Amino acid sequence: MKTLSLTLAALLATTSLAACGRKAEAPATPAAPAPAATPAPASNAMAGMDMAPADKMAKGVGVVKAIDMAAGTITLDHEAIPQAGWPAMTMGFKIAPALLDGVAIGDHVAFDLKLHDGAGEVTAISKP
Ligand SMILES: [Cu+2]
C-alpha cells in the first residue's frame with residue numbers, strides 16, 4: 001500500500017511538471033476562467049518560478065551591441081535598471097523588427113522594457 005501511494009505521488013508530480021510546460025493548452029484547468037476579482041491565479045500558482053508575478057514596465061539606456069532582424073532580438077549593453085532590479089550588463093531582448101528601423105550597432109539608445117518572468121521585451125527605442 002505504501003509503495004502504491006509513493007507511485008501515485010510520483011505520477012502526480014510528473015503530471016504537474018508536464019502541465020507546467022504546456023501553459024498554452026490546459027483547457028481543463030479550473031483556474032483558467034479567471035474571475036475578474038481574482039488577480040492572476042495562474043501566476044500565483046507558478047510563483048516559485050517567476051521573478052515577477054506580472055508584466056512590469058521599466059526604462060533603460062545603453063549601447064546597441066547586436067541586432068538580429070530575423071529573430072527579432074537586440075543585444076544591449078545597458079546601464080543599471082533599478083525598476084527591474086538589474087545591474088549594468090550586456091543582454092539580449094525581444095523587439096518588434098519594425099522598432100529596429102534606423103537603429104545600428106554602436107548607437108546609444110534609450111528604451112522602454114516590458115518585463116515578464118525575468119525576461120524583457122523592448123517596446124520602444126530612441127536615440128536621445
Ligand atoms: Cu540586463
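Taking the DSSP beta bridges in the stretch 56-126 as the whole, what percent of them are antiparallel, to the nearest 5?
Antiparallel bridges make up about 95 percent of those DSSP assigns within the stretch 56-126.
Taking 0.36 nm per residue of sequence separation and subtracting the Cα-Cα distance, how much length would be gained by fully extending the chain between Ala104 and Lys65, in nm to one decimal?
Here the segment from Ala104 to Lys65 would lengthen by 13.2 nm.
Would you mind computing the Rg to Rh ratio of the stretch 56-126 from its alpha-carbon coordinates, Kirkwood style for Rh?
That ratio equals 0.92.
Could you work out the local net charge near Lys94, counting Lys and Arg as +1, Asp and Glu as -1, over the other residues with Cβ closer than 14 Å to its Cβ?
Value of the local net charge: -4.
The numbers here are math on the coordinates, done by the rules we state, and not lab data. On a predicted model such as this, the values are computed, not experimentally measured, just so you know. In this analysis, Cβ positions are derived from the backbone assuming ideal geometry, glycine residues included, and neighbour counts consider all displayed protein chains.
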